[in-house]
Amino acid sequence: MAAKKRNDRLWKFVLICILISISVMMTLWVWDWWLSRKAHYTRYDEFGIDIPVNYSVHGIDVSKYQQVIDWTSVKAMEVEDIHLSFAFIKATEGNVNEDRFFKRNWKNARAAGITRGAYHFFLATKNGKTQAENFISTVDLETGDMPPVLDVEQSYGVPPEKLRERVKEWLIVIENFYKVKPIIYT
């Protein structure tokens, strides 16, 4: 009888060890999966930016807030085999605003050999068609440029259905003019 009890305890101990091992392995697998989903960054001190390392293509977006940009230096920039391939450049905002550095950035990015795209900062309180016309009057796309980009960040209290209507107006006008589907950037 004592041998049977000892055998039962041994089997319980082995079973508990197996269950604990499986639990630990599952926890480690989930932890590894979770970490692999997160972007990992490397710091590029010379430009003061963090660059995600898990991607093969990297780009930046710029506006008047970056002021004067040395595009030749941006093109030459490389850290840990990562370099910038493209730039989204703010062109317009709302119905009448043009980014004051757009023309300079647009010209100099191309001259430096950086693939460029122009974006419009959308104001939900304004008419989508009028905003699209502002973009069209500012941006002359050339072969090799990326499609136009619509940057929608805030609703400014505009009801969702009205916001969708205005965004759709912008997208339709832009697609009809440039003959390419725009990118929505939020």
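Expressed in nm to one decimal, what extension gain is obtained for the pair Asp140 and Lys4 from 0.36 nm per residue of sequence separation less their Cα-Cα distance? Don't jump to the answer; show the numbers that get you there.
On the way: separation 136, 0.36 × 136 = 48.96 nm, distance 8.68 nm.
Value of the extension gain: 40.3 nm.
Using the Cβ-Cβ distance between Leu19 and Tyr41 with R0 set to 45 Å, the FRET efficiency from 1/(1 + (r/R0)^6) comes to roughly 0.75.
Shape analysis of segment 125-186 yields a ratio of the Cα radius of gyration to the Kirkwood radius, Rg/Rh, of 0.98. Between helix 160-178 and the chain, what is the angle of the helix's C-alpha long axis to the longest principal axis, kept within 0 to 90° and rounded to the nearest 10? The helix 160-178 is inclined about 60 degrees to the chain.
Can you tell me which of Arg166, Arg110, Arg43 moves the most in a GNM of the chain? Springs connect C-alpha atoms under 10 Å apart. Of the options given, Arg43 has the highest mean-square fluctuation.
Amide H contacts of Val62 (H built 1.01 Å from N, in plane; Pro and chain starts excluded): Phe88, Ile89, Lys90 sit under 5 Å, all sequence-distant by 5 or more or on other chains.
So what's the net charge close to Ala87: Lys and Arg +1, Asp and Glu -1, counting the other residues with Cβ under 12 Å from its Cβ? Net local charge, Ala87 excluded: +2. Pairs over the 31 Å Cα-Cα cut-off, from the set Lys75/Lys168; Lys103/Lys126; Lys126/Lys179: Lys75/Lys168. The C-alpha atoms of the chain define a longest principal axis, and helix 102-111 lies at about 70 degrees to it. When both segment 38-84 and segment 137-186 are represented by their alpha-carbon centers, they are found 25 Å apart. Subtracting the Cα-Cα distance of Leu28 and Glu169 from their residue separation scaled by 0.36 nm leaves 45.9 nm.
Taking the chain as the reference, fit the longest principal axis to its C-alpha atoms, fit the long axis of helix 128-138 to the helix C-alpha atoms, and give the angle between the two in degrees, 0 to 90, nearest 10. Taking the Cα atoms of the chain, the angle to 128-138 is about 70 degrees.
From the list [x] 17.9; [y] 13.9; [z] 11.6, can you say which value of mean projected area of the Cα convex hull in nm² was derived from the structure given? Only one listed value fits the structure, namely [x].
Which FRET efficiency, nearest 0.05, do Arg104 and Gln154 yield, Cβ-Cβ r, R0 30 Å?
Numbers: r = 27 Å, r/R0 = 0.90.
Step by step, r from the Cβ atoms, then E = 0.65.
Taken together, the values in this text are just the output of simple stated rules run on the coordinates, not laboratory data. Keep in mind it's a predicted model, so treat the numbers as computed, not measured. Quick reminder, even Gly has a Cβ in these numbers, built from the backbone with ideal geometry, and neighbours come from all protein chains shown.
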